[in-house]
Amino acid sequence: MCGIIGYTGYSEARGILLKGLKVLEYRGYDSAGIAVYHPSFKECLVTKCAGRVENLMEKTADVKGSTGIGHTRWATHGGVCDDNSHPHKFGSVTVVHNGIIENYEALRGALGVADKLKSQTDSEVVAALIDRSFKGDPEKAIIDSVKKLTGTFALGIMFDEIPNTIFAVRNVSPIVCCQNNDGVYIASDIMAIGEYSEDYFVLPELTVAKITKDGYTLSDFKGNEVQPDMLKLDWDIKNSGKGSFPFFMEKEIMEQPEVIKKTIDGRISDGLPCFEKDSIDDSLFENCKNISVIACGTAMHAGLVGKSLIENICSIPVSVHMASEYIYCNPIIDENTVVICVSQSGETIDSLEALKYAKKNGAKTLSIVNVRGSSIARESDNVIYTDAGPEIAVASTKAYTTQVSVFYLLTAKLAYIKGALNLEGVTNFINQLKKVPDAVREVLERRGEIHHLSKSMLTADDTFMIGRGLDYPALLEASLKLKEISYIHCEAFASGELKHGTIALITEKTPVIALVTQQKLVSKQVSNIREVESRGAKVISFVRTDLENDDIECSFTLPCLEDEFMPIPAVVSLQLLAYYVSSDKGLDVDKPRNLAKVVTVE
Ligand code: M6R
């Protein structure tokens, strides 16, 4: 969602801000803007517009100055238009804001500024509030104002009276900061500024940062100096471009064998699962009697595969919750509950709030996160970082397969500790897991076949995906991929459930994708395929090689792994299907309409 960038230093700010905004595009946005302190006019000049960063580039061609803040906006309060874009300037105060100010209407009334505001946003009210509070002491004005805000915020703030200085403060929504010889940089995520330094910090909550070209000082609301916890960026940001691929999504799909292997290999020692590098003590698993997974979207689908694995193999009950519903459903938590929060970005607000709730209610928490130092990672008692590297395409691919890989490792660990698998059993399980990257590689090598199959989907309006057992959660993820990037309506069904209503929707115009990877369920799945074929559906089947038989007309054969390990290669094949449908329809695969990569509003 919204993105923030800020720079003060020895170079022209415009180029740095626009470059940062280009990087932040992946989060999803509908308008963009920058404010740069003009040394001759002695004030911040704002340029902003609805639409792409490219529009802003043209409009800002003459902007001069070495200190500025910029923003990409994803509309929440007020429609998509120039006036609602950030930065917002009120009086002598200019702000960029991520998050939501819940009491902005009340504040607007109390300030009596309704007739002076130019936008419908909650953010402009913050600029007005700080401006009205400013009597020469910027930190005091910020603190006094922020204390009146209800909601979430990351704010970059500039005062006309204080040249070449940026202030930042946040509650929940993140701000990161780094420095090099050329100046100091802030952003809403490290992707935007990682190229300037590998050492960075996350601004602690409710701490005011004062940033000048030679450094920064942080202070809490009582004026005490705060030392940041420095982090090291372990992603190769310089190689995080698209390379020779037309879209990030394709690049990220192709990276999967490597990142799955990296995620697994670092957590196997002497053939056994080992979370030493994550500093997770075995006692977490020994004391665990039940598990709740909280996550959204794709990450939740990874949790559903995890549930099936852990319940089947370890006999430990696992509930999977949509994070956005969790805190409202009176979840059952006791001291033996381990809550696993799964998130690529580590910033999804619903997941973060659910995690905080679980922690407050006594659960032990473990997060499976991709972005180091993210809010969810910092909030958790234990963290396992997936080694997916930066994921830029809105549609999650390699984050999902690495999350599922972590669930295999957790299953093996729990099974061994709880005695559900003996040494031989767990060794066999890990040996199977090690075969997954090669199975994925095989699917990728045969992507031309999937591209060919995808052609028959191009004109479809509605599709269904059917599968049984572990194929069902795999298809939930596959159908989300198809929906979000190709805009084709698609629903995944447990095959046996179809005839309880949904089969009424099947016609000769509805392609049905059938997944057949679970040995013990083949004959039942074949019957369900027959049922939809009899209603005229054109079935495209993805079948595990060794399960092919005369009863199934196979469209694509999947590599052969044991049942438990099939979700990853199966989903990868369907990621490719979705990708080809979207790119052949000429859509913007990486930035599907209405979607944001990082969902920071509830
Ligand atoms: O960053 P997170 O993993 O917490 O994001 C959760 C969902 O928003 C995300 O998985 C979303 O469903 C995917 N972009 C879909 O491909």
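Table for the structure above
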quantity	calculated
Any chance Leu453 is more than 18 Å from Ile552 (Cβ to Cβ) and in contact with a Phe, Trp or Tyr (Cβ under 8 Å, 6 or more places away or on another chain)	no
Selection from segment 24-57 of residues that are of a type outside the set (Ser, Thr, Tyr), surrounded by 23 or more Cβ atoms within 10 Å (Cβ to Cβ) and more than 15 Å from Trp74 (Cβ to Cβ)	Ile34, Ala35, Val36, Cys44, Leu56
Any hit, segment 439-455, residues being within 30 Å of Ile280 (Cβ to Cβ), of a type in the set (Val, Ile, Thr) and within 16 Å of the ligand (Cβ to nearest atom)	no
Subset of segment 7-26 [in a helix (DSSP H, G or I) and more than 20 Å from Ala168 (Cβ to Cβ)]	Gly15, Lys22, Glu25, Tyr26
Restricting segment 377-412 to residues that are over 23 Å from Ser315 (Cα atoms) and among the aliphatic types (A, V, I, L, M), the residue that is farthest from the ligand (Cβ to nearest atom)	Val383
Given (1) over 22 Å from Phe153 (Cβ atoms); (2) within 15 Å of the ligand (Cβ to nearest atom); (3) aliphatic (A, V, I, L, M), index of the condition Ala363 fails	(2)
Conditions (1) touching an Asp or Glu at 6+ places or on another chain (Cβ under 7 Å); (2) modelled with pLDDT under 95: number failed by Asp214	(1)
Number of positions in segment 326-351 that are of a type in the set (D, E, K, R) and more than 14 Å from the ligand (Cβ to nearest atom)	2
Set Asp471, Asp461: member being under 25 Å from Met254 (Cα atoms) and away from the ligand (no atom under 16 Å from the Cβ)	Asp471
Top-ranked residue of segment 252-308 - restricted to ones that are open to solvent by 30 Å² or more (accessible area, probe 1.4 Å) and within 16 Å of the ligand (Cβ to nearest atom), ranked as farthest from Val369 (Cα to Cα)	Glu255
Thr463 outside any helix (DSSP H, G or I), free of Cβ contacts under 8 Å to residues at least 12 places away in the same chain and either touching a helix residue (DSSP H, G or I) at 6+ places or on another chain (Cβ under 9 Å) or open to solvent by 30 Å² or more (accessible area, probe 1.4 Å) (or both)	no
Selection within segment 483-495 - within 11 Å of the ligand (Cβ to nearest atom) and either touching a helix residue (DSSP H, G or I) at 6+ places or on another chain (Cβ under 7 Å) or open to solvent by less than 10 Å² (accessible area, probe 1.4 Å) (or both)	Ile485
Number of the condition not met by Ala354 [criteria: (1) farther than 23 Å from Met254 by Cα; (2) open to solvent by 10 Å² or more (accessible area, probe 1.4 Å); (3) of a type in the set (A, V, I, L, M); (4) within 13 Å of the ligand (Cβ to nearest atom)]	(2)
Where Ser374 falls short, out of the listed (1) touching a residue at least 40 places away in the same chain (Cβ under 8 Å); (2) within 26 Å of Ile313 (Cα to Cα); (3) open to solvent by less than 10 Å² (accessible area, probe 1.4 Å)	(2)
Residue among Lys89, Lys64 that alone is among the basic types (Lys, Arg) and surrounded by fewer than 16 Cβ atoms within 10 Å (Cβ to Cβ)	Lys64
Segment 72-84, residues that are under 21 Å from Pro174 (Cβ atoms) and either crowded, with 18+ Cβ neighbours inside 10 Å or modelled with pLDDT of 95 or more (or both)	Thr72, Arg73, Trp74, Ala75
Residue within segment 209-232 that is of a type in the set (Val, Ile, Thr) and buried (at least 18 other Cβ atoms within 10 Å of the Cβ) present	yes
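The values are calculated or read from the model by the stated rules, or taken from the named source; none is laboratory data. Worth saying up front: this structure is predicted, and the values here are computed from it rather than measured. Here Cβ is always computed from backbone atoms with ideal geometry, including for glycine, and neighbour counts include all displayed protein chains. Accessible surface areas use protein heavy atoms only, side chains included; no ligands, DNA or RNA. Shrake-Rupley method; radii C 1.70, N 1.55, O 1.52, S 1.80 Å.
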